[in-house]
Amino acid sequence: MSNGHVDLHQFMEGVKRRNPHQDEFVQAVQEVAEDIFAFIADKAAYHEQQILRRIAEPDRVVSFRVCWEDDAGNIRVQRGWRVQNNNAIGPYKGGIRFHPAVNESVLKFLAFEQTFKNALTGLPMGGGKGGANFNPKGKSEREIMRFCQSFMTELYRHIGADVDVPAGDIGVGAREIGYMFGQYKRITGNFTGVLTGKGLEWGGSLIRTEATGYGAVYFLAEMLATKGESLAGKTAVISGSGNVATHAAEKIVQLGGKVVTLSDSGGFIHDPDGIGQEKIDWVKTHKTHRRGRIEDYVAAFPGATFHAGRTPWGVPCDVALPCATQNELLGEDAKTLVANGCRAVAEGANMPTDLDGVHVFKAARLLYAPGKASNAGGVAVSGLEMSQNSERRSWKEEELQQMLKDIMSGIHQACIRYGDQGGGYIDYVKGANIAGFKKVADAMLAFGVV
Ligand code: NDP
């Protein structure tokens, strides 16, 4: 008997029932399912083999206690997770997030998205994600080190260079990867490419740090080129001020655009004079190295204003890049951007636009790239870091820059292949969802019911 005849509504009711209180995860599945149901309508094998249902059920979710001692001698207890969503096309791969808002729903949505994103890169990587509800803000260097070591003391048994290869994400940069890699090596005695985003001296890849932000802007440039336009002279509104946001800003400036906003969890700064390279360098030092707040920007650059507790989407712009976190751009914000004449949106963050916002962009036929397509540059260079580790060599910067551009261009082509709606409109969400799904699904069909 075929059990493949549920419709989209019934499918989503099942996802909601099986994942109570996991709103982010349900949202991510819904966004994908809306496109996949139409695509597989006439493809019986995908229905009969329950492929989407299987991708939307993680292979496993590991959760564990992380105990550590703070500088005052208090014992602290956090919860850590690793979600291994799907390894049909390669080892699980995806970042680690340290943020107080991390929970199972957030990590399941990220691991689900990662499965499609990694497939889009064309590299052999499955999807995973991990993290802990640990707040790195205000912690001393030693506290961060002790937490990372304790986290890895449990995580190490679930990962491996051919099994699952984590990387950084919010709250996890080169410093944290260093502490975790050091602990993995100490426990196992193995020097292998078990993490990416490593330092250049110990197996890291050139351009990994820049790759997500740069890649998002390359993708944006590809989208504009379909309309015969470029970034030169365009005004860009960017949210966030971390790794992705600052490197996206840098590449916009290099390509002749003008960046007028950045933000953090405290609010956004608006600098009508433009945030050029010198100011971006100041932000990088202030936010990443000094762990400061973006509001301090206005004291350093008096032409700017700070808007507490607000996101930057009301500032008129030609292009927008949400690069902070999930659900930071809502339906009303999307309407404002469209009304203000915004031409293109490329997501640097994962799922920054909520479902209402996605529907607004689609209805307005905007050039709109979902994160799984436009922010795939980071994981793509992570994949190249894995290849270099396996070969035990380091490729040159020019080679890697070219590979990153080629991969972003390949993703853009894949989106056009499955997302071209005719009349000059490309639905990049649909294109990315179908292209990513098809690759994973076909591998799963080959393996049978496992
Ligand atoms: P960082 O930790 O370097 O920076 C995060 C930035 O987002 C900070 O400015 C932070 O502000 C802000 N932010 C975080 N949470 C919130 C919130 N709840 N509300 C408002 N602002 C917030 O992280 P990344 O730049 O690495 O990551 C940003 C996004 O990009 C995430 O969605 C991540 O998953 C995605 N991404 C990252 C990749 C990478 O290679 N790093 C790859 C692909 C996607 P504050 O300092 O106040 O916390």
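The values are calculated or read from the model by the stated rules, or taken from the named source; none is laboratory data. Here the structure is a predicted model, which means the values were calculated and not measured. Ideal geometry is used to build each Cβ from the backbone, glycine not excepted, and the neighbour counts take in all protein chains shown. Heads up: the accessible areas ignore ligands, DNA and RNA and are worked out on the full protein's heavy atoms, side chains in. Shrake-Rupley method; radii C 1.70, N 1.55, O 1.52, S 1.80 Å.
With a Förster radius of 22 Å applied to the C-beta separation of S265 and R17, the computed FRET efficiency comes to 0.10. A simple charge model with +1 on the Cβ of Lys and Arg, -1 on the Cβ of Asp and Glu and nothing else charged puts the dipole of the chain at about 800 debye relative to its Cα centre. Normalised Debye scattering of region 209-369 at q = 0.14 Å⁻¹ gives log10 I(q)/I(0) of -0.61, counting only Cα atoms as equal scatterers and leaving out solvent. An ellipsoid equivalent to the chain, defined through the eigenvalues of its Cα gyration tensor, has semi-axes of 30, 29, 21 Å when rounded to whole angstrom and sorted largest first. Estimated at the nearest 10 Å², the accessible area of D356 is 100 Å² with a 1.4 Å probe. Full extension of the chain between W282 and E332 gives 14.8 nm of extra length, using 0.36 nm per residue less the Cα-Cα distance. Distance between the modelled labels on F301 and D406, one decimal in nanometres: 3.6 nm (7 Å Cα→Cβ projection). Charging the Cβ of each Asp and Glu at -1 and of each Lys and Arg at +1, and nothing else, the dipole of region 60-192 about its Cα centre rounds to 100 debye. The gain in end-to-end length when the K396 to K43 segment is fully stretched comes to 122.7 nm, 0.36 nm per residue minus the alpha carbon separation. With N counted as the residues of region 60-192, its alpha-carbon radius of gyration over 2.2 N^0.38 Å works out to 1.02. Among 51-60, 238-247, the peptide with the highest mean count of other Cβ atoms within 10 Å heads the list, and the full ranking is 238-247, 51-60.
Rounded to 0.05, the FRET efficiency of the C67 and Q421 pair, given R0 = 56 Å and the Cβ-Cβ distance, is 0.60.
Which lysines, on any chain, are close to K396 with Cα under 27 Å apart, when same-chain ones fewer than 8 places away are left out? Partners within reach: K93, K117, K185, K198, K251, K284, K372, K405. Projected over every direction and averaged, the convex hull enclosing the alpha-carbon atoms of region 1-103 yields 8.7 nm². Say a paramagnetic label sat at a point 7 Å from the Cα of A363, along Cα to Cβ; which residues of region 298-321 have their backbone N under 15 Å from it? The answer is none, because no backbone nitrogen lies closer than 15 Å to the label point.
Protein-only accessible surface at a 1.4 angstrom probe places the residues F134, F306 in the order F306, F134, largest first. Only DSSP H runs of four or more residues enter the estimate; each adds -39500 (n - 2.57), and after division by the residues of the chain the mean residue ellipticity at 222 nm equals -14500 deg cm²/dmol.
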